[in-house]
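**Student:** Supplied in structure tokens, the structure appears directly below.
The values are calculated or read from the model by the stated rules, or taken from the named source; none is laboratory data. Everything quoted here is computed from the prediction, not taken from an experiment. As a convention, Cβ positions derive from the backbone with ideal geometry for all residues, glycine included, and neighbour counts pool all protein chains shown.
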Amino acid sequence: MKLVIQIPCFNEEDQLPATLHDLPRQVDGFDAVEWMIIDDGSTDTTVTVALEHGVDHVVRLPQNKGLATAFQTGLDAALKLGADVIVNTDADNQYSAADIPTLVAPIVRGSADLVIGDRGVATVEDFSPLKKRLQWLGSSVVRAASNTDVADATSGFRAYSRDAALQLTVVSPYTYTIESIIQAGRSRAAVESVPISTNPKTRESRLFSSMWGYIRRNMVTIVRVYAAYSPMRFFGGLAAVLAVGSVAGFAPFVIDWLRTGDTSGHLQSIILGAILFVASVQLLSLAVLSDLVAANRVVTQRALERVRRVELALEIPPSTLLGDDESDAAIRRSTSDAD
């Protein structure tokens, strides 16, 4: 059994040494533990620092493509490197590496495909009261959309079994955390949460520039993912609301007609009811079309999973993996620069 610990990185030369220092080299249930960073177009010495501190593999993207892309690229590379279990953690040392054995334990004993570290958001001192409430709200929506009981949906400290990683395809341009949970839940993968601890904050988050930016981006992500994976519930619910509004709009005209037989007047009510009725029918049609698209997405994901399995069977190496010669060259450049 091989465990690969992957770390997406973008200009993390200052934080990376502490993060790597705490990573384990031995974990119960595994014959080998390897470290891998995904360099997401860093412009500093992140790669050199990683190699100097014992990283086994470096996946390098030519330019910054965002956390979600770096995460997915890392999963694909780790699978081709023979990983049976993949742990994802952050480069800023937010999560305690001492909890990695706890994180992978459910997968090792066969009770889970995906394990997510629960930070106990309500007790994290670095989070403001507003952020704690937003985290709770976001996790509640994700639980409803994914049919799971994940307590901390935005936690990036998580472990994937080989099968779970093969099935995952993240298309969100912003973050992988929410979409990957919903995909796992929809595919009926076994998802568990385990309590973990966190380290003191070393820097501000780079995913958002302000609290309102955090709110906006997470709400957009949640709505987008929910609409993509539960289209009938999402668009059907909106259609039902408009249908009720349409009935309310027609009500004055209908009531007057039934009581007195008078069909004159109430022009505004008729127009409002008609507009809401047409909008309701359009949304219902959109719900049906979106549901067909969602079904096609499932077929596409299964096809991608089979392609990945074929690539693994053919032992195709990761195309973005830094070779030994390139790694040695990076270290030599660092040494010469220091001199």
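**Student:** When you look at Val87, is it at pLDDT 95 or above and outside any loop (DSSP other than H, G, I, E, B), yes or no?
**Tutor:** For Val87, the condition - at pLDDT 95 or above and outside any loop (DSSP other than H, G, I, E, B) - is met.
**Student:** Does any residue in region 247-272 that is among the charged types (D, E, K, R) come within less than 9 Å, Cβ to Cβ, of a residue that is part of a helix (DSSP H, G or I) six or more places away or on a different chain, and which pairs are these?
**Tutor:** Asp262/Asp256
**Student:** Of all residues in region 17-46, which are of a type outside the set (D, E, K, R) and part of a helix (DSSP H, G or I)?
**Tutor:** Scanning region 17-46 gives Pro17, Ala18, Thr19, Leu20, His21, Thr46.
**Student:** Continuing with this model, one more query. Is it the case that some residue within region 121-133 is surrounded by fewer than 22 Cβ atoms within 10 Å (Cβ to Cβ), charged (D, E, K, R) and modelled with pLDDT of 85 or more?
**Tutor:** Looking for residues that are surrounded by fewer than 22 Cβ atoms within 10 Å (Cβ to Cβ), charged (D, E, K, R) and modelled with pLDDT of 85 or more, one finds none in region 121-133, hence no.
**Student:** Within region 262-297, can you find the residues that are surrounded by fewer than 14 Cβ atoms within 10 Å (Cβ to Cβ) and either touching a Leu at 6+ places or on another chain (Cβ under 7 Å) or closer than 30 Å to Leu75 by Cβ (or both)?
**Tutor:** Passing the criteria: Leu292, Val293, Ala295, Asn296.
**Student:** Within region 16-41, track down each residue that is surrounded by fewer than 20 Cβ atoms within 10 Å (Cβ to Cβ) and either of a type in the set (S, T, N, Q) or outside the structural domain of Ala159 (by TED's automatic domain parsing) (or both).
**Tutor:** Gln26
**Student:** Which pairs do you get when a residue that is closer than 15 Å to Val194 by Cα and in the same structural domain as Met36 (by TED's automatic domain parsing), found in region 86-97, comes within reach of a residue that is outside any strand (DSSP E or B) and charged (D, E, K, R), reach meaning Cβ atoms under 9 angstrom, with the pair 6+ apart or on two chains?
**Tutor:** From residues that are closer than 15 Å to Val194 by Cα and in the same structural domain as Met36 (by TED's automatic domain parsing), the pairs are Tyr95/Arg119; Ser96/Asp22; Ala97/Asp22.
**Student:** Right, here's the next one. For region 171-188, which positions are of a type in the set (A, V, I, L, M) and surrounded by fewer than 20 Cβ atoms within 10 Å (Cβ to Cβ)?
**Tutor:** Val171
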